[in-house]
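Here is the structure we will look at.
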Amino acid sequence: MQARKVKDDIYWVGAIDWDRRLFDELIPLPDGTSYNAYLVKGSKKTALIDTVDPTMEHVLTRRLDALGVENIDYIVANHAEQDHSGALPRVLEKFPAAKVVTTPKGKGMLMDLLLIPEEKFIAVDDKETLSLGNKTLEFIHAPWVHWPETMLTYLREDRILFPCDFFGSHLATSDLYATDEARVYEAAKRYYAEIMMPFRKIIEKNLQKLEGYEIELIAPSHGPIYRRPEFILEAYRDWVFGPPKNIVVLPYISMHGSTQKMVEHFVEALMEKGVGVNQFNLAATDIGELAMSLVDAATLVVGTPTVLTGAHPNVVYAAYLANALRPKLQFASIIGSYGWGGKMVDQIVGMLSNLKVEVLEPVIVKGFPKDGDFESLDRLAATIAEKHKEHNLT
Ligand code: FEO
């Protein structure tokens with residue numbers, strides 16, 4: 001196993017996890033992932049930036065051995081989550097003189113999570129620097145991308161940003177660089193939707209903080225390196241501050257066909273009025289696809305039958321997810337059916353409390369939809385089209 005050269009004295013020494021299909025036992029990884037670690041050799045000191053998931057610590061140590069690394073002075077822990085920090089104990093065992101460089105919060109978290117003794121740490125302030133001789137590391141505190149302790153590391157002389165999770169993508173690939181930008185865009189958008197979107201407001205500040213830095217390479221700790229940093233910075237600006245788009249996201253479930261019939265009619269009505277639709281049957285949806293569609297959409301409409309007086313549990317899950325991810329949604333509504341009663345509208349509206357949405361008149365029908373119900377769906381579609389137009393959404 002070889003290290004891969006990024007620039008003179010800078011090497012990728014990470015691990016590619018081709019087979020992983022789930023993260024946090026929650027997030028689907030259709031394309032696997034990678035845990036990128038980087039070795040920076042200065043004229044006087046050597047630093048390792050991030051480690052790898054503990055399941056792949058042998059891959060990291062073999063790459064370091066292949067490079068003939070006999071000493072590491074600093075291990076920079078940009079983020080305490082175990083997919084980057086989990087191999088720290090093994091690396092400290094191999095290089096016992098190394099110090100772990102992290103934020104004050106990161107130090108506390110790594111002591112708690114990995115039981116690393118306090119004397120192993122150097123806690124760094126925002127904008128603090130560390131000299132490796134002819135290379136200088138600058139640490140940029142960037143909380144909440146996506147834990148409270150996170151920081152980014154900037155290598156001044158080479159103008160490389162090591163942002164750990166920020167700008168990353170869950171993508172297992174042999175490409176060291178993001179050469180297939182269309183593929184990386186999808187993976188990075190999925191990553192943003194699932195991991196970063198709940199912290200949109202803070203990410204806006206972190207993006208502004210980076211404006212003063214000249215960046216030639218962005219080397220994240222998941223997915224390929226960006227040789228064209230503007231590609232991912234521009235994508236993030238669009239996802240974070242761009243206006244929502246003229247799109248309805250429609251997650252739904254149908255048990256006996258009534259809600260299905262309503263969804264089919266409603267989607268056609270929206271399309272006829274020029275509104276884009278992303279329809280997801282929650283019986284078979286990858287939640288990552290749903291999260292991605294929420295990045296841009298202006299409106300969420302959930303479709304559900306009534307189960308035990310409430311919404312179908314899969315729809316409850318989708319509403320919980322939409323609320324937790326805090327997308328840019330501006331409008332929401334509910335369509336669905338019931339047999340003899342229920343409180344699913346109150347239930348779903350109550351679950352969207354994080355979202356600053358205007359709730360549009362729901363369409364809930366008894367039994368199978370009839371002519372008047374289809375007219376109600378047409379009115380809801382027309383209202384959505386008008387609202388999007390009033391807000392100049394394209
Ligand atoms: Fe890739 Fe938040 O860990």
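The values are calculated or read from the model by the stated rules, or taken from the named source; none is laboratory data. Being a predicted model, the structure only gives us computed values, none of them experimental. Glycine gets a Cβ as well: all are built from the backbone with ideal geometry, and neighbour counts include every protein chain shown. With ligands, DNA and RNA removed, areas are computed over all heavy atoms of the protein, side chains included. Shrake-Rupley method; radii C 1.70, N 1.55, O 1.52, S 1.80 Å.
Tell me, what is the percent relative contact order of the chain, built from C-alpha pairs under 8 Å that lie six or more residues apart?
Relative CO of the chain lands at 12 percent.
Tell me, what is the FRET efficiency for V349 and T309 to the nearest 0.05, using R0 = 22 angstrom and their Cβ-Cβ distance as r?
0.90
Could you do me a favour and compute the accessible area per residue for the stretch 203-353, 1.4 Å probe, result in Å²?
Per-residue value: 40 Å².
Taking the stretch 78-163, which GluC sites (Glu not before Pro) meet the DSSP loop condition and have no more than 14 other C-beta atoms within 10 Å?
Those that pass, being in a loop and sparsely packed, are E157.
Out of all DSSP beta bridges with both ends in the chain, state the antiparallel percent to the nearest 5.
Once the DSSP bridges in the chain are tallied, antiparallel ones form about 45 percent.
Restricting to DSSP H runs of at least four residues, report the calculated mean residue ellipticity at 222 nm for the chain, -39500 (n - 2.57) per run over all residues, nearest 500 deg cm²/dmol.
-10000 deg cm²/dmol
Checking the table K44/K99; K189/K389; K94/K120; K205/K389; K201/K356 against a 18 Å threshold on Cα-Cα, which pairs fail?
Over 18 Å apart, Cα to Cα: K189/K389; K205/K389.
Going by a ≥ b ≥ c, the root eigenvalues of the Cα gyration tensor, does the stretch 42-98 fall in the rounded group (a/c under 1.5), the prolate group (a/b larger than b/c) or the oblate group?
Here the stretch 42-98 falls in the oblate category.
At what distance in nm do the modelled label points of D9 and E272 sit from each other, each positioned 7 Å from its Cα along Cα→Cβ?
Reported label-point gap for D9 and E272 is 6.9 nm.
Given the whole protein assembly as supplied and a 1.4 Å probe, what does the accessible area of E289 come to in Å², nearest 10?
80 Å²
Quick one: pull the percent of accessible area on the stretch 288-329 belonging to carbon and sulfur, 1.4 Å probe, ligands and nucleic acids left out.
Carbon plus sulfur share of accessible area: 61 percent.
Once both labels are modelled 7 Å past Cα along the beta-carbon direction, what's the S174-T394 spacing in nm?
Label-label distance for S174 and T394, simple model: 4.2 nm.
Can you give me the distance in nm between label points at D125 and K209, each placed 7 Å from the Cα along the Cα-to-Cβ direction?
1.5 nm
Mind grabbing the accessible area of F241 for me, 1.4 Å probe, Å², rounded to tens?
Counting only protein heavy atoms, the figure is 90 Å².
If you add up the charges near E57, with Lys and Arg at +1 and Asp and Glu at -1, over every other residue whose beta carbon is less than 14 angstrom from its beta carbon, what do you get?
The answer is -2.
Just to confirm my numbers, what's the Cα centroid distance between the stretch 313-365 and the stretch 226-297 in Å?
Answer, in whole Å: 15.
Need one number: % antiparallel among DSSP beta bridges in the stretch 245-387, to the nearest 5.
Here the antiparallel bridges make up roughly 10 percent for the stretch 245-387.
Which shape class, rounded, prolate or oblate, goes with the stretch 183-227 when its Cα gyration tensor gives a ≥ b ≥ c as root eigenvalues, a/c under 1.5 marks rounded, and past that a/b bigger than b/c marks prolate?
Oblate, since a/c reaches 1.5 and b/c is not below a/b.
Just by accessible area at a 1.4 angstrom probe, what is the order of Y252, Y338 from largest to smallest?
Heavy-atom accessible area, descending, gives Y338, Y252.
Do you know the relative contact order of the stretch 1-110, to the nearest whole percent, from alpha carbon pairs under 8 angstrom that are 6+ apart?
Dividing the mean separation by the residue count of the stretch 1-110 yields 23 percent.
List the trypsin sites (Lys or Arg not before Pro) in the stretch 256-363 that DSSP assigns to loop (not H, G, I, E or B) and whose Cβ has at most 13 other Cβ atoms within 10 Å. Which are they?
When the trypsin sites (Lys or Arg not before Pro) of the stretch 256-363 are filtered for loop state and at most 13 Cβ neighbours within 10 Å, K343, K356 remain.
Percent of accessible area on the stretch 4-241 owned by carbon and sulfur, 1.4 Å probe?
48 percent
What percent do you get for the relative contact order of the stretch 245-387 when only Cα pairs under 8 Å and 6+ apart count?
The value is 29 percent.
Please compute the per residue accessible area over the stretch 46-196 with all protein chains in place, 1.4 Å probe, rounded to a whole number of Å².
On a per-residue basis, the stretch 46-196 sits at 35 Å².
When only DSSP loop residues count, what chymotrypsin sites (Phe, Trp or Tyr not before Pro) in the stretch 3-103 have their Cβ near at most 16 other Cβ atoms within 10 Å?
W18
When a/c reaches 1.5 or more, the comparison of a/b and b/c decides; with that in mind, is the stretch 249-308 rounded, prolate or oblate per its Cα gyration tensor?
oblate
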